[in-house]
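What follows is a single structure, written as structure tokens, with notes after it.
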Amino acid sequence: MKVAITSTGQSLDSNLDQRFGRCAFFVIYDTETGGVEILPNPNKDAEEGAGPASVQMVASKDVKKIISGEFGVKIKSLLDSLKIQMVVYKEPEKTVKSVIDMLNK
Amino acid sequence: MKIAVASGKGGTGKTFVATNLFNVLSGRGERVTLVDCDADAPDDLLFFPAEKISETEVTHQVPVINKDACTWCGRCSNWCNYNAIFYVPTAKVIEVIENLCHGCGACSFACNSDAITEKPVVLGTVTSFRTDRGYPLVEARLRVNEMSPVRVIKAAIKEAGEDGVVILDSPPGTSCPFIQTVDRADYVLLVTEPTPFGLSDLRQSVETLRTMNKQCGVIINRADIGDSGVKNYLREEQIPLLGVINYGTDIARSYSEGRLITEESEIMTGFFAGIADKIISEHGTGSN
Ligand code: SF4
Ligand code: SF4
């Protein structure tokens, strides 16, 4: 299963980005293969609609779970319709790597 | 002529200036109209006992997607500049996010499969009032959850007409709603505070107005706080300083209680009258 983790930077040592739609990067982690893909978020500075556009992008990568600090109100119903699970993890000090470790436990 | 009263951010005294200017001119029996263009949070009406004359709804056309006709080409979503079409073909999900839609029509134009029709959605209202002195006040009010006030603002300015002096209480900031409001003005009166934040907002407003070739002048509010940065800037850039307000406790109290200082203080009445006269004599005829 693929999981998207919002990240403040381009490495696994970067911290978990607290904003979903306007995060700096998405780290897409595949729990089966252990593969990692890091994508810059093109919607980071969008004036409006960053949330839905980010869902659209992540969904196109066949992600089934998203981990981030917070999600906008509009996001939940969109994720529900796509059957993507949303995990709110308010830990700005945690690194992406430690989140991945948690997934593997 | 149209005078826009604006400021880089909310809460600097823009409404205070707009309502008092209107009050002074109407008190003198001049033809004057106040338009509250701050459609996200209109509040000019709080300062005037007024009777409602008419109300019109402002609508725009948003797309309706017929999933059965959709061929999942993605063109509509690509053409939309506002992220308003949520499109995930792998999950067979396509959805219009109505409150992000600007009603531009690009998506229906882009669709080659006749899968998109349009329906009207109410964005907000334009309401005309008459104050107890018999002067017109027009209010633009955006519907809760709608994002784009521009159409509502334009409709309100149109409703106000061209007669005499029209005062536009502009939306804060320097984005689209601000630009669309000041674009219709002959003169822009900027209200600022003499602080570093005030200066940085002012600079942005001035730069935006310069690209639009708009004449402007500045009122410094709360002149008893802050520093001389704003004044120095105005001198360097040769922007007229039209007045300085020491926002003392009497002004603050009357404002917070929904009263007009120009009803209570002759000095302030003279102050606003002087500013109005200066702008009108230098930049307009008062009757357009
Ligand atoms: S009308 Fe314009 S803004 Fe609205 S969904 Fe279509 S393309 Fe996007
Ligand atoms: S442009 Fe028309 S056919 Fe293509 S995805 Fe949009 S609605 Fe479907």
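Yes/no per residue for (1) among the acidic types (Asp, Glu); (2) without any contact (Cβ under 8 Å) to a residue 40 or more places away in the chain; (3) crowded, with 21+ Cβ neighbours inside 10 Å:
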{"position": "B:GLU193", "(1), (2), (3)": "yes, no, yes"}
{"position": "B:GLY198", "(1), (2), (3)": "no, no, yes"}
{"position": "B:LEU202", "(1), (2), (3)": "no, no, yes"}
{"position": "B:GLU207", "(1), (2), (3)": "yes, yes, no"}
{"position": "B:MET212", "(1), (2), (3)": "no, yes, no"}
{"position": "B:GLN215", "(1), (2), (3)": "no, no, no"}
{"position": "B:ASN221", "(1), (2), (3)": "no, no, yes"}
{"position": "B:ASP224", "(1), (2), (3)": "yes, yes, no"}
{"position": "B:SER228", "(1), (2), (3)": "no, yes, no"}
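A:PRO42 is checked against (1) surrounded by 15 or more Cβ atoms within 10 Å (Cβ to Cβ); (2) within 14 Å of chain B (Cβ to nearest Cβ); (3) without any contact (Cβ under 8 Å) to a residue 24 or more places away in the chain; (4) not in a helix (DSSP H, G or I) and fails just one. What number does that condition carry?
(1)
Out of region B:65-76, which residues are in contact (Cβ under 8 Å) with a residue 24 or more places away in the chain and within 13 Å of ligand 1 (Cβ to nearest atom)?
Scanning region B:65-76 gives B:ILE65, B:ARG75, B:CYS76.
Got a number for residues in region B:42-58 being part of a helix (DSSP H, G or I), in contact with a strand residue (DSSP E or B) (Cβ under 7 Å, 6 or more places away or on another chain) and of a type in the set (A, V, I, L, M, F, W, C)? Walk me through it before giving the result.
Initial filter on region B:42-58 (part of a helix (DSSP H, G or I)): B:44-47.
Still in the list and also in contact with a strand residue (DSSP E or B) (Cβ under 7 Å, 6 or more places away or on another chain): B:44-45.
Now drop any that are not of a type in the set (A, V, I, L, M, F, W, C), which leaves B:45.
The qualifying residues number 1.
Here is a list of conditions, (1) crowded, with 22+ Cβ neighbours inside 10 Å; (2) modelled with pLDDT under 95, and B:ARG28 meets all of them except one; can you say which number that is?
All conditions are met except number (1).
Would you mind finding the one in B:THR59, B:THR117, B:THR125 that is more than 16 Å from ligand 1 (Cβ to nearest atom) and either in contact (Cβ under 8 Å) with a residue 24 or more places away in the chain or touching a Leu at 6+ places or on another chain (Cβ under 9 Å) (or both)? Talk me through it step by step, then tell me what you get.
Values: B:THR59 fails: more than 16 Å from ligand 1 (Cβ to nearest atom); B:THR117 fails: more than 16 Å from ligand 1 (Cβ to nearest atom).
That would be B:THR125, the only listed residue that is more than 16 Å from ligand 1 (Cβ to nearest atom) and either in contact (Cβ under 8 Å) with a residue 24 or more places away in the chain or touching a Leu at 6+ places or on another chain (Cβ under 9 Å) (or both).
Working carefully through the options A:VAL58, A:VAL27, find the one that is within 14 Å of another protein chain (Cβ to nearest Cβ) and open to solvent by less than 40 Å² (accessible area, probe 1.4 Å). If you could, list the steps in order and put the result at the bottom.
Numbers: A:VAL27 fails: within 14 Å of another protein chain (Cβ to nearest Cβ).
Result of the check over A:VAL58, A:VAL27: A:VAL58.
Given the residues A:ILE28, A:ILE5, A:ILE66, which is the only one that is β-branched (Val, Ile, Thr) and closer than 18 Å to B:VAL93 by Cβ? Give the steps one after another, and end with the answer.
Working: A:ILE28 fails: closer than 18 Å to B:VAL93 by Cβ; A:ILE5 fails: closer than 18 Å to B:VAL93 by Cβ.
On inspection, the qualifying residue turns out to be A:ILE66.
So if I check each of B:GLU139, B:GLU146, B:GLU95, which one is of a type in the set (Asp, Glu) and within 12 Å of ligand 1 (Cβ to nearest atom)?
Exactly one of B:GLU139, B:GLU146, B:GLU95 is of a type in the set (Asp, Glu) and within 12 Å of ligand 1 (Cβ to nearest atom), namely B:GLU95.
Considering only region B:59-136, give the strands (runs of 3 or more DSSP E) lying wholly within it that have at least 3 residues that are within 13 Å of ligand 2 (Cβ to nearest atom) and open to solvent by 50 Å² or more (accessible area, probe 1.4 Å). Spell out the reasoning first.
Working: elements: B:85-88, B:93-96, B:116-131.
The strands (runs of 3 or more DSSP E) meeting that bar number zero.
The values are calculated or read from the model by the stated rules, or taken from the named source; none is laboratory data. What you see is a predicted model; the values in this text were computed from it and never measured. Quick reminder, even Gly has a Cβ in these numbers, built from the backbone with ideal geometry, and neighbours come from all protein chains shown. Side chains included, ligands, DNA and RNA excluded: accessible areas come from the protein's heavy atoms. Shrake-Rupley method; radii C 1.70, N 1.55, O 1.52, S 1.80 Å.
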